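Working notes, structure below.
Laboratory data are not the source of any read-out in this text; all were calculated from the coordinates shown. Model, not experiment: these values are computed from the prediction. Counting neighbours? That spans all protein chains shown, and the Cβs are built from the backbone with ideal geometry, glycine included.
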Amino acid sequence: MNEEALKTFTIGRPRLDDRGRIIVISDIHGNLPYLEGLLAKLRLTREDQLILLGDLVEKGPESLATLRHILTLRDKCRLYPVLGNCDFWHLWVDEMDPAGDERTLGYLLRQKAAARRGLILDMCRELGTELTADVDLPALKAALRERFAPELDFLRSMPYALDTEKYIFVHGGIPKGETLESAGPWRCMKLDNFYASRPHFSKWVVTGHTPVCLYGGSTISAVPIVDRACRVISIDGGCVLKDDGQLNALIIRRGRFSFDWYDPFPRARALTGQRRGERSAYIRWGDNAVEPLELGREWCRIRHVRTGYEMDVPTDFLYEKNGELLVSDVTDYRPAIAPGDVISLVRQTDRGWWIKKDGVSGWYSGEVELI
Ligand SMILES: [Mn+2]
């Protein structure tokens, strides 16, 4: 990444107030149905201050449509978008990073070959331009600047952080011992696992970027983390990266925190009780090499290579990469369920349901009634 180009990114210093809510949503990643679902629950008013905490686009299916929907929110509330590490396509379109041109084109061509979508590919599709290795880049960029002026102006206007009286809003976090200013845009946006080291701050630091489930030990939880001792809040529910993820909203009203979220899974009432499992583990991406113990058509018994932990997983969770057997994010957690509890149904198997209860994923083998 060209540091010079990133120097155009600024820190916003808005005055937030208590007239409406402060609502923070991060990592929408082009997932328009989740954004619309969450906004329908939130019922924005003109007094609300909506902070979109980066990674508005990429990875999900509808980057351009999502960005356009976000542009319309400027008429519905006070909107404060913040850059994430996936958002600053305007640098490329504005030719502010000539050294990165070929690398970025290579990335886009790989995306296209893999039938993935993203903001620039969506824009090319709308322009009717086929992106190829020998595309006339200056002409393409001029066409993008003309056709997508409102969208690109919006990206150009976005700061890489908001520093307010009580809260700092930044996509990734603030590296240990540093400030927004000393660390600069790239390291603040791209800081992985920010909360893992339990850093302390004097103002609340609100972040996205790292799905909160990755901070969990033995369960998969998409519930935002509020750490009052550290003054860190982490809200990314993994709505694109995780099959059972959700889009979270942090709501601050007169200094008090609450949450809402959206996921598309059908809701049901549990009809039978279930006791909590005695132990559980969460095997996650990056540490998901397993060895097979028993292979079945529906289920497999596997052993996690690093820890030796054994569990049964649905067979279609297993995949191979570079000759290694890996498993998609999975848990064997069985939550305590009482008859009448409301749960969300993620998928059905011949051994019961993969469910979410209050944002935490697990298995339930009782009867359900859709509501
Ligand atoms: Mn990110």
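Here the range 108-252 was treated as a single set of alpha-carbon atoms; its pair distances binned every 10 Å from 0 give 10, 30, 28, 22, 9, 0 percent.
If the only charges are +1 at each Lys and Arg Cβ and -1 at each Asp and Glu Cβ, what is the size of the charge dipole of the chain around the Cα centre, to the nearest 20 debye?
Working: 51 positive and 54 negative charges, 290 e Å.
In total the dipole reaches around 1400 debye.
Take the residue pairs 141/190; 76/112; 321/356 and return only those whose Cα atoms are more than 31 Å apart.
Details: 141/190 26 Å; 76/112 35 Å; 321/356 29 Å.
Over 31 Å Cα-Cα: 76/112.
Think of the chain as a dipole: +1 on every Lys or Arg Cβ, -1 on every Asp or Glu Cβ, centred on the Cα centre; then among 159, 273, 288, 273 lies furthest on the positive end. Debye-formula intensities of the range 267-370, expressed as log10 I(q)/I(0) at q = 0.10, 0.11 Å⁻¹, are -0.29, -0.35 (one equal scatterer per alpha-carbon, no solvent). Between the C-alpha center of the range 95-165 and that of the range 253-287 there is a gap of 36 Å. Computing Rg and the Kirkwood Rh from the Cα coordinates of the range 167-206 gives a ratio, Rg/Rh, of 0.89.
Using square roots of five times the C-alpha gyration tensor eigenvalues, list the equivalent-ellipsoid semi-axes of the chain in whole Å, biggest first. Display every interim value, and only then the final one.
Details: eigenvalues 254, 139, 83 Å².
Computed over the chain, the values are 36, 26, 20 Å.
Inverting the mean 1/r over all pairs of different Cα atoms, compute the Kirkwood radius of the range 1-106 and quote it in Å. Could you put the intermediate results ahead of the total?
Numbers: mean 1/r = 0.0661 Å⁻¹.
After inverting the pairwise mean of 1/r, the radius is 15.1 Å.
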